[in-house]
Amino acid sequence: MKIYTKTGDSGSTALIGGTRVPKYHLRIECYGTVDELSSWIGLIRDQDIDKADIEILIEIQDRLFTIESLLASDGSSEYALPELYNKDIELLENEIDRITKALPPLKSFLLSGGHTIVSYCHIARTVCRRSERLIIRLNEEFEVNKLVLIYLNRLSDYLFMLSRKIGQDKNAEELLWKPRT
């Protein structure tokens, strides 16, 4: 498989199914942002963190590729695409619950930071939220599988909790936001 095709040199690209769209098309922006999210998660995965967390992050990256393929399809492809399942969302919810039990309750918003890996988690969380916003907008024009939106919503929550867990693992201080009065 060649890495370059030259078919995109004019500023358009093909969706799965063959429809050509401009590279600035909202659908391309959506799956490109999910790809960006996967890259940030790969960076987190490459850090010195628990092996169990790494395994979950690999699973998440796989699901993000599934989401990208669903977003890249024009709906006319004869190829079978991977699917998202409720169990994918349940995995995130179970991880959130597991982490929540191991952490002190949060009584305020947190300022991002405290450790480099914690910051990476927060960056991934904000990219995840941006993905979700873009896909909600896409869903107004083209129907998007509802599990995609639910998954991304849960994933941003998971990334927040992962940031707290890694912060605790690394003995990083959580800085609570104290609004000025």
State whether one or more residues within segment 108-117 are loosely packed, with under 13 Cβ neighbours inside 10 Å, within 24 Å of ILE67 (Cα to Cα) and not aliphatic (A, V, I, L, M). no
Which residues, counting only those in segment 43-62, are under 22 Å from LYS87 (Cα atoms) and either within 11 Å of the chain's Cα centre (by Cα) or not basic (Lys, Arg) (or both)? ALA52, ASP53, ILE54, GLU55, ILE56, LEU57, ILE58, GLU59, ILE60, GLN61, ASP62
In segment 130-139, what residues are surrounded by fewer than 16 Cβ atoms within 10 Å (Cβ to Cβ) and within 14 Å of ASN153 (Cβ to Cβ)? ARG133, ILE136, ASN139
Checking THR13 against (1) of a type outside the set (Lys, Arg); (2) surrounded by 16 or more Cβ atoms within 10 Å (Cβ to Cβ); (3) closer than 26 Å to TYR151 by Cα, the condition it does not meet: (3)
Quick test for you: out of ARG63, ARG45, ARG27, pick the one residue that is touching a strand residue (DSSP E or B) at 6+ places or on another chain (Cβ under 9 Å) and surrounded by 12 or more Cβ atoms within 10 Å (Cβ to Cβ). ARG27
Do any residues in segment 8-32 that are farther than 28 Å from ARG129 by Cβ have Cβ atoms under 6 Å from those of residues that are of a type in the set (A, V, I, L, M, F, W, C), where the two are at least six apart or on different chains, and which pairs are they? ARG20/ALA14
Would you be able to say whether some residue in segment 10-23 is in a helix (DSSP H, G or I) and small (Gly, Ala, Ser)? no
Looking at (1) in contact (Cβ under 8 Å) with a residue 12 or more places away in the chain; (2) within 11 Å of the chain's Cα centre (by Cα), which is the only condition SER77 fails? (2)
Is it the case that segment 122-129 has a residue that's farther than 20 Å from GLU29 by Cβ, part of a helix (DSSP H, G or I) and of a type outside the set (Asp, Glu)? yes
Among the residues of segment 80-89, is there at least one that is under 30 Å from HIS115 (Cβ atoms) and outside any loop (DSSP other than H, G, I, E, B)? yes
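Taken together, the values in this text are just the output of simple stated rules run on the coordinates, not laboratory data. These figures come from a predicted structure and were not determined experimentally. With ideal geometry, Cβ positions are generated from the backbone for all residues, glycine too; neighbour counts draw on all protein chains shown.
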